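Quick notes on the structure that follows.
The values are calculated or read from the model by the stated rules, or taken from the named source; none is laboratory data. Fair warning: this is a prediction, and the values are worked out from it, not measured in the lab. For neighbour counting, all protein chains shown are included, and Cβ atoms are generated from backbone atoms with ideal geometry for every residue, glycine included.
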Amino acid sequence: MGWSGEAYPSGKTKKEFCEEIIESFSYGFNLIASKNVSEGMWTVVERKKDSESGGYKKGDRYITLHLMRKHQGCWAEKAVGEEMGPCHYSCPEKFFGMVECKGGYAAEFREKCRAMRAAKKARSKQTFEVGEKVEIYGKDYTILRPFKRSFIVRSHEDGREYKTGSRNINKVG
């Protein structure tokens with residue numbers, strides 16, 4: 001599975017490119033739900049009719065991540081179904097209730113999505129005090145002061161100050 005997209009720069013926004021992808025479903029699928037995320041767009045689609053080969057039935061639903069990137073003004077897209085076990089875990093929980101889990105990679109993928117959401121929620125509830133020793137990406141820092149919705153920290157390694165969000169900070173001990 002490769003990437004497909006535009007051959008020439010179009011000036012489209014990400015939203016316009018998403019709309020184009022959604023429009024492409026109209027032949028064989030109904031769009032049930034979609035959600036734009038930083039890496040692309042999640043969709044839930046439902047098959048309109050049985051496949052000619054008999055392998056797929058009308059009403060079958062699928063969760064797909066449409067990875068997107070823009071290079072030199074040209075948009076490209078790669079569709080990765082949940083049964084392929086995408087390595088991005090931002091799929092909305094409500095999508096899982098819309099599509100029956102097919103087991104295998106899909107089940108593992110759903111568990112990883114739920115674990116990532118739980119970890120993110122736990123990190124967002126952390127509180128930090130000025131002067132507290134913390135760890136960021138395996139290195140030691142000290143909290144100097146809050147800054148808007150982030151913190152200014154000092155590295156123990158080089159003494160430099162950095163700004164970072166609370167999601168990057170782990171409590172020590």
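Yes/no matrix, rows are residues, columns are (1) assigned to a helix (DSSP H, G or I); (2) not aromatic (Phe, Trp, Tyr):
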position: ALA79; (1), (2): no, yes
position: PRO86; (1), (2): no, yes
position: TYR89; (1), (2): no, no
position: PHE96; (1), (2): yes, no
position: GLU100; (1), (2): no, yes
position: ALA106; (1), (2): yes, yes
position: GLU111; (1), (2): yes, yes
position: ARG114; (1), (2): yes, yes
position: ARG117; (1), (2): yes, yes
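Restricting attention to the stretch 92-108, which residues are within 15 Å of ARG61 (Cβ to Cβ) and touching a helix residue (DSSP H, G or I) at 6+ places or on another chain (Cβ under 7 Å)? Across the stretch 92-108, the qualifying residues are PHE96, CYS101, LYS102, ALA106.
The residues of the stretch 1-36 that are modelled with pLDDT of 90 or more, within 14 Å of LYS78 (Cβ to Cβ) and of a type in the set (A, V, I, L, M) amount to a single one, ILE21.
Across the stretch 114-132, the qualifying residues are those that are basic (Lys, Arg) and in contact (Cβ under 8 Å) with a residue 40 or more places away in the chain, and the one among them that is farthest from PHE95 (Cα to Cα) is ARG123.
Out of curiosity, is ILE152 among the β-branched types (Val, Ile, Thr), outside the structural domain of ALA33 (by TED's automatic domain parsing) and free of Cβ contacts under 8 Å to residues at least 12 places away in the same chain? In short, yes. Against the conditions (1) in the same structural domain as GLU20 (by TED's automatic domain parsing); (2) loosely packed, with under 12 Cβ neighbours inside 10 Å; (3) not aromatic (Phe, Trp, Tyr), GLY138 satisfies every one except (1).
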